[in-house]
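The values are calculated or read from the model by the stated rules, or taken from the named source; none is laboratory data. Since the structure is predicted, the reported quantities are computational estimates derived from the model, not experimental observations. Heads up, the Cβs are rebuilt from the backbone with ideal geometry, glycines too, and the neighbour counts pull from every protein chain shown. Note: areas computed on protein heavy atoms with side chains; ligands, DNA, RNA excluded. Shrake-Rupley method; radii C 1.70, N 1.55, O 1.52, S 1.80 Å.
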Amino acid sequence: MENDYISSDDDYQYSDQESMDGFENEESDFKLVTVKGPTTQVITNESLLIAQKEDLRRVMDMLSVTEQHARTLLIYHRWDVEKLFSVYVDRGKDFLFAEAGVSLDEHRASESSLSSSIMCDICMEDVPSDESTRMDCGHCFCNNCWTEHFIVKINEGQSKRIRCMAHKCNAICDEAVVRTLVSKKQPDMAEKFERFLLESYIEDNKRVKWCPSTPHCGNAIRTEDDQLCEVECSCGLQFCFSCLSEAHSPCSCLMWELWAKKCQDESETVNWMTVHTKPCPKCHKPVEKNGGCNLVSCICGQAFCWLCGGGTGREHTWTSIANHSCGRYKEGQEKKSERAKRDLYRYMHYHNRYKAHADSFKLESKLKETIQGKVAISEGKDSRVRDYSWVNNGLCRLFRSRRILSYSYAFAFYMFGDELFKDEMTDKEREIKQHLFEDQQQQLESNVERLSKILEEPFDQFTDDKVMEIRMQVINISVIIDNLCQKMYECIENDLLGSLQLGTHNIAPYKSKGIDRASELPVYWTNKAGGTEVDRPSGSGSSDEIGCSSRKRARKEGVSASAGLFDLNLPAEVVDRN
């Protein structure tokens, strides 16, 4: 059984311009670095260096160090600026630098001119001093040995922390020296080194992860607050920031992983075959009985007893039976069959409802164009009702709640089954918790169906009074659904999971506005003239190319970014990802 949230040709893209009533994003004024406000940001290929420099500047300003030393410190602490500052405050600057391999002893300039030549302790050759390099730690070797050392380390994937060649020296080599020496011999290797340094901001940073889109959009997402959240990339993909799979709350990451695998590998089909078929004792293929006689034959020609599964032959026939035990009761055999049936029916119960809401979502998605047509007709009439944003907001709430309802059945399957919490709850506790959850689930389901029915009404043909009545119904039910979703998440977090393996089963928090849409990373600096300009690396393209990854976003033909359409906060599977 395949996962039923599959994108179709009917998928469509919405604009980013409008949000739900009462939840408009406020743009704060900014003068330096970044706009503070959005909890998630998109880092494109163009803005990756800018995002990295942001953290570098914080460390450089705080500790009064060079960019190279700031990068070394941040790479050691996996780009966690707060952790770095915490170590600095608790343990001091000397410990911070020594631990990360940063040496501030400047030996290169002061000692390089003392002699015209030096002996390299690696190759044991005398070389001119201008063909050797002394690192900040004070160790000096010839450029050829340094270059070979750097190339080996880069090929081994150690570009981010290349240590000095001296025995037991913990100092990290100056990236500028590495870049200069390697580029003279192997320019391609130098570019590889640069790329590793740049991408370390994403690869090693727990707050930054690549968007898991396929094919890859080239974007990364940075979250400012909580790693346990659901985000939407500018390419349109919505995903769980923790496990990088599709957005799946209120399921925990482990629950969703198990559910997706269960739906994909057709494990319950095998369970059904266990209940309704028996293996041939000769070729071991499954055989289903299609008659009343308990003497069955496989297509390979082997006959066997349906009751016990034993092959019939000289000692096992219906006229002469030797060692035949079909009539004797075997403890556990009947229980095993009944358990398989019960597990199958239980799975079918939850999967059918999971799939039903997924199918309802797909059918309701196709109503968008029809509903927009009704809105256009209504707005064109001479009517007292001018504002139809309630229709868009009602649809937004409908789609979001459909998604939550669908995944809630996957959650319930594992929450109240024996797969994960068999020894965590007594039968009585499980029964109480299940009734509590199902009552809330039923209330949410009932109101979602009411909202769906009302939105399908031909309101373009109604009188103004009737339209106003429907408007109030949509608004009221939307508020009720929002509250019910909030209570369901609180119930899961506090009453159901409670103290049950909280470290393993955490869920992304519910947000009324829907899944966070990551904003483009804006970095502005005040120039001497008093204006603002984008800080961008040299050689990174024209200013028109910077921060314009939104042009790469998938959009349906005829839908522009300024179309003023609403955000339905669709699941990842129904977002256009061209």
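With a cut-off of 8 Å between alpha carbons and a minimum separation of six or more residues, what is the relative contact order of the stretch 391-507 in percent? Walk me through the numbers before you get to the answer.
Details: 64 pairs, mean separation 45.2, N = 117.
Value for the stretch 391-507: 39 percent.
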For D188, what accessible area in Å² do you get when you roll a 1.4 Å probe over the heavy atoms of the protein chains, rounding to the nearest 10?
120 Å²
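What's the FRET efficiency of C293 with K466 using the Cβ-Cβ distance as r and R₀ = 45 Å, to the nearest 0.05?
Numbers: r = 66 Å, r/R0 = 1.48.
The computed FRET efficiency comes out at 0.10.
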Quick one: which residues, 5 or more positions from F241 or on another chain, have an amide H under 5 Å from its amide H? H modelled 1.01 Å from N in the peptide plane, none for Pro or chain starts.
C229, E230, V231
Once you put a point 7 Å from the Cα of K206 and another 7 Å from the Cα of E194, both along the Cβ direction, what distance in nm separates them?
3.2 nm
Tell me the accessible surface of K341 in square angstrom (1.4 angstrom probe, heavy atoms of protein chains only), to the nearest ten.
70 Å²
Tell me, what % of the accessible area of the stretch 42-86 is carbon and sulfur with a 1.4 angstrom probe?
47 percent
Compactness summary of the stretch 116-263: radius of gyration and Dmax from Cα atoms, Å, are 22.2, 73
Can you compute 3J(HN,Hα) from phi for each residue in the stretch 52-68, using the Karplus curve 6.51 cos²θ - 1.76 cosθ + 1.60 with θ = phi - 60°, rounded to whole Hz and x for Gly and Pro?
5, 5, 4, 6, 4, 5, 4, 6, 4, 5, 6, 9, 6, 10, 6, 4, 4
Under 5 Å between amide H atoms, partner at least 5 residues away or on a different chain: which partners does I43 have, H built in plane at 1.01 Å?
A220, I221, R222
What full-extension length gain, to one decimal in nm, is calculated for S245 and R450 as 0.36 nm per residue of separation minus the Cα-Cα distance?
70.7 nm
Counting each pair of different Cα atoms once, what's the Kirkwood radius of the stretch 425-485 in Å, rounded to one decimal?
13.5 Å
Residue by residue through the stretch 424-435, what is 3J(HN,Hα) from phi via Karplus (6.51 cos²θ - 1.76 cosθ + 1.60, θ = phi - 60°)? Round to whole Hz and write x for glycine and proline.
8, 9, 7, 4, 5, 5, 5, 5, 5, 5, 5, 5
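If V178, V89 are ordered by their accessible area, calculated over protein heavy atoms with a 1.4 Å probe, which sequence runs from highest to lowest? All intermediate terms of the calculation are to be shown ahead of the outcome.
Numbers: V178 5, V89 110 Å².
Descending accessible area places them as V89, V178.
In whole percent, and with a 1.4 Å probe on the protein chains, what portion of the accessible area of the stretch 337-469 is carbon and sulfur?
48 percent
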Take the residue pairs K487/K513; K209/K513; K93/K160; K341/K433 and return only those whose Cα atoms are more than 19 Å apart.
K209/K513; K93/K160; K341/K433
Give the distance, in whole Å, between the Cα centre of the stretch 375-442 and the Cα centre of the stretch 229-261.
17 Å
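For D94 and R161, what is the calculated FRET efficiency with R₀ set at 22 Å and r taken between the beta-carbons, to the nearest 0.05?
Once rounded, the FRET efficiency stands at 0.65.
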